[in-house]
Each structure stands twice: as C-alpha cells, then as structure tokens.
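Before any comments, here is the structure.
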Amino acid sequence: MTRSTKKWFILNFLVIELPVESRVQFREYFIKVVEAPTPNELAEELDVITKEILETI
C-alpha cells in the first residue's frame with residue numbers, strides 16, 4: 001500500500017466522517033492537494049476526495 005493509498009483511505013473513511021469543526025483543521029492541506037496535487041495524489045484521486053471534503057466546510 002502506497003503512502004497516497006493510505007491517505008485516500010484516511011480521507012475517505014475517517015476524515016470525511018469527522019465533525020465540521022474537526023475537518024476545518026485540515027483546510028490548508030485540502031487546499032494544497034486540490035490546487036497543486038502531486039502526481040501520486042492525482043493517481044490516487046486525492047484531489048477529488050479533498051475537494052469533496054472542502055465543499056462541506
């Protein structure tokens with residue numbers, strides 16, 4: 001399992017379920033992934049899941 005795959009699982013199954021107040025703490029990271037994802041983040045579609053999370057905060 002790659003590092004990006006682990007991030008995807010954490011974002012998709014854990015962070016997305018957190019209360020909004022908790023998700024806000026990750027806002028800067030989410031913005032970075034959406035605006036300037038690494039090739040690995042793109043391959044794992046982390047930009048997609050982080051955009052979905054950003055839209056909820």
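The values are calculated or read from the model by the stated rules, or taken from the named source; none is laboratory data. Predicted model, so just to flag it, every value in this text is computed and none were measured. Cβ coordinates were reconstructed from backbone atoms using ideal geometry, including for glycine residues, and neighbour counts include every protein chain displayed.
The set of residues in the range 38-57 that are of a type in the set (D, E, K, R) and under 14 Å from Val20 (Cα atoms) comprises Glu52, Glu55. For the range 1-42, taking the residues that are at pLDDT 90 or above and of a type in the set (Gly, Ala, Ser), the one that is surrounded by the fewest Cβ atoms within 10 Å (Cβ to Cβ) is identified as Ala36.
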